[in-house]
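Trainee: To start, I am sharing the structure in question, which I have written as structure tokens.
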Amino acid sequence: MFNQLLSTFRLKAEIYNNAQFCGHWQIHAHSDGLTCFHMVTLGRCRMLVPNIGEFELELGDLVVFPREIPHTMLPFEGAPETQFKTKIFTPDSNKHGTGLLCGTLNFEHQGFNHILDALPKVFIIKQHDAKWINPLLMQIQDEIFEQLDSDKNMLNRLSELLFVYALRHHMQQHETSGVFTLFASIELAPALQLMRDHPEKNWSLEQLGKACSMSRTKFSQLFKKVSGYTVNEFFTWWRMQLAFDYLRQGQRIAQVSEQVGYSSESAFSRAFKKCFAKNPSDV
């Protein structure tokens, strides 16, 4: 269900910095809540995040800000100055400096806010803690060294993959909340599978509990404890995420309504407006 969720929300990355920084440099970053990432592609550096901490970043380390907050990137050693020198990244990795790949991540589907709400303000994945980083880093470095300045498409696609892996890694390695916790639950997986494969069906608690080898009561209590949602709240939310995507694809409201289990178009419209604060016709 995790993969389908990401596919539904239609992730797009856009690289805004791919450079090698030399000498005394300092970057103050803040993009008013945009989802962004930084990856060290050469050397190492420091990152200061007010009220959170100071971090040492090395080659391959990945930083993700679900909603960007003010932070500063600066050299690993030496006193920072307000001026910095930068140049377009070149294959000359023998020169001293720090290579940084930075990008924003956009979601066509506003429902992704529920995922972002479950994440910390910033999380860092160290290269040595994630075996998937090194192969991606090598591909990214190859693209950095070979790409034309005007062509960022491959780096954008690789950055999207980085983010997907980062989300899955965080979900597997740390305690999460909300829908993230549901996706990591082995006990509740059979019920989630039913809701994912057949959103048009009005699943009862008995049916979903039976799929998980639980009583109705035990299933509903565990679902609420794990996710913070009632079963009905989550299923309605999931149906609306699918509906949003179907409408963006150009499907008719009546058709979408039926696909996500509503026999009444007016009832579907009310549920959709409650979830997104807009009518289905406005998508």
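The values are calculated or read from the model by the stated rules, or taken from the named source; none is laboratory data. All values derive from a computational prediction rather than experimental measurement. Methodologically, a virtual Cβ is constructed for each residue, glycine included, from the backbone with ideal geometry; neighbour enumeration extends over all protein chains shown. Protein only, heavy atoms only, side chains kept; ligands, DNA and RNA dropped before computing areas. Shrake-Rupley method; radii C 1.70, N 1.55, O 1.52, S 1.80 Å.
Trainee: What share of the DSSP beta bridges in the chain is antiparallel, in percent to the nearest 5?
Mentor: If I count the DSSP bridges inside the chain, around 100 percent turn out antiparallel.
Trainee: So what J values fall out for the stretch 116-129 if you push phi through Karplus, 6.51 cos²θ - 1.76 cosθ + 1.60 with θ = phi - 60°, rounded to Hz, Gly and Pro as x?
Mentor: Karplus values, whole Hz, x for Gly and Pro: 4, 5, 8, 9, x, 4, 8, 9, 10, 10, 6, 3, 7, 9.
Trainee: A follow-up question, please. Accessible area per residue of the stretch 172-245 at 1.4 Å probe, in Å²? It would help to have the intermediate numbers written out before the result.
Mentor: Details: 3820 Å² over 74 residues.
Counting only protein heavy atoms, the per-residue value for the stretch 172-245 is 52 Å².
Trainee: Could you sort the peptides 161-173, 269-281 by per-residue average Cβ neighbour count (10 Å cutoff), highest mean leading? Show your work: numbers first, answer last.
Mentor: Values: 161-173: 17.6, 269-281: 15.2.
The peptides rank, most packed first, as 161-173, 269-281.
Trainee: Using Cα pairs under 8 angstrom and six or more residues apart, how large is the relative contact order of the stretch 153-283, in percent?
Mentor: 19
Trainee: While we're on this one: Could you grab the relative contact order for the chain? Cα pairs under 8 Å, six or more apart, rounded to a whole percent.
Mentor: It rounds to 19 percent for the chain.
Trainee: Would you kindly calculate the mean projected area, averaged across all directions, of the convex hull enclosing the Cα atoms of the stretch 182-252, in square nanometres?
Mentor: 4.8
Trainee: Another question, then. Under the Karplus relation 6.51 cos²θ - 1.76 cosθ + 1.60, θ = phi - 60°, what is the ordered set of whole-Hz ³J(HN,Hα) values for the stretch 222-238, x standing for Gly and Pro?
Mentor: Karplus values, whole Hz, x for Gly and Pro: 5, 4, 5, 5, 6, 9, x, 10, 6, 4, 5, 4, 5, 5, 5, 4, 5.
Trainee: Tell me, what HN-Hα J-couplings in whole Hz come from the Karplus equation 6.51 cos²θ - 1.76 cosθ + 1.60 at θ = phi - 60° for each residue of the stretch 184-191, using x for Gly and Pro?
Mentor: These are the phi-based 3J(HN,Hα) values: 8, 7, 6, 5, 9, 4, x, 5 Hz.
Trainee: Determine the share of the chain's accessible area contributed by carbon and sulfur atoms, expressed in whole percent, with a 1.4 angstrom probe.
Mentor: 48
Trainee: Something else about it: Pop the C-beta distance of residue 172 and residue 226 into the FRET formula with R0 = 22 Å and round what comes out to the nearest 0.05. The partial results should precede the final answer.
Mentor: Values: r = 15 Å, r/R0 = 0.70.
It comes out at approximately 0.90.
Trainee: To the nearest 10 square angstrom, how much accessible area does residue 214 have with a 1.4 angstrom probe?
Mentor: Answer for residue 214: close to 30 Å² accessible.
Trainee: In terms of modelled amide H atoms, which long-range or inter-chain residues lie less than 5 Å from the amide H of residue 35?
Mentor: Residues meeting the criterion, in which the H sits 1.01 Å from N, are 68, 105.
Trainee: Residue 15 to residue 187: extension gain in nm, 0.36 nm per residue of separation minus the Cα-Cα distance?
Mentor: Full extension from residue 15 to residue 187 adds 58.0 nm.
Trainee: Top to bottom by accessible area (1.4 Å), largest first, where do 198, 38 land?
Mentor: 198, 38
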